[in-house]
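Contents: one structure, followed by commentary.
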Amino acid sequence: LTRRQAMGRLGAAGISIAGLGPLLAACGEEESGGAAGGGSSVDKLGFSHPFPGTDIYRPLRKGLREEADKRGIDVLESQAEGKADKQLAELRTWIASGVQAISILDIAGEGLAPVIDQAHEKGVKILGYGGPIEGQDGSETFDNEQGAELVAAEAMKHIEANLADA
């Protein structure tokens, strides 16, 4: 199992559960509901992970898109490329476009506060991605201990299957 394969297996599943589910819950949606389930008022969400070119983002994107497609939800994805000013401009645009919630991996620091205020004025829910952010309505965090155990278990399977006799 390569690092990329492990990230693909764990990352895609993780974003399906940890990414879109809490966003929907923050909007008052049942996790098992959504547009495909009928009667959803949630139709547009933002996912501000401002590093779309990184190895970890590809499996996140895959899981996010699959889950959104199941629910009939349009997901806006960041193109900020690690630049705080681009992230802030993007968030403002998304808020003006009528998203119901935005998950934010914050790279703007304190500059994010006015955007969160703007979001709340429009009824947009804000979730800190990867850790809490000031003024959030909730957050998606990672269980690093469990993640380490899962990666170690996969590494042991690979060693036992491929290197045990070496």
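Scanning the range 142-161 for residues that are surrounded by fewer than 12 Cβ atoms within 10 Å (Cβ to Cβ), at pLDDT below 85 and not aliphatic (A, V, I, L, M) turns up Asp143, Asn144, Glu145, Gln146, Glu149.
Kindly evaluate Ala89 against the criterion of being closer than 16 Å to His49 by Cα, free of Cβ contacts under 8 Å to residues at least 24 places away in the same chain and among the hydrophobic types (A, V, I, L, M, F, W, C). It is true that Ala89 is closer than 16 Å to His49 by Cα, free of Cβ contacts under 8 Å to residues at least 24 places away in the same chain and among the hydrophobic types (A, V, I, L, M, F, W, C).
The condition (being without any contact (Cβ under 8 Å) to a residue 40 or more places away in the chain and surrounded by 13 or more Cβ atoms within 10 Å (Cβ to Cβ)) is satisfied by just one residue among Gly123, Gly131, Gly111: Gly111.
Out of the range 92-107, which residues are in contact (Cβ under 8 Å) with a residue 12 or more places away in the chain and of a type outside the set (A, V, I, L, M)? Arg92, Trp94, Ser97, Gly98, Gln100, Ser103, Asp106 - these are the residues of the range 92-107 that are in contact (Cβ under 8 Å) with a residue 12 or more places away in the chain and of a type outside the set (A, V, I, L, M). If you check Gly82, Gly37 for being farther than 19 Å from Leu127 by Cβ, modelled with pLDDT of 60 or more, open to solvent by 30 Å² or more (accessible area, probe 1.4 Å) and not acidic (Asp, Glu), only one passes: Gly82.
The values are calculated or read from the model by the stated rules, or taken from the named source; none is laboratory data. Everything numeric here is computed off the predicted structure, so don't read it as measured data. Every residue, glycine among them, receives a Cβ derived from its backbone with ideal geometry; neighbour counts consider all protein chains shown. The area values use the complete protein model at the heavy-atom level, side chains included, leaving out ligands, DNA and RNA. Shrake-Rupley method; radii C 1.70, N 1.55, O 1.52, S 1.80 Å.
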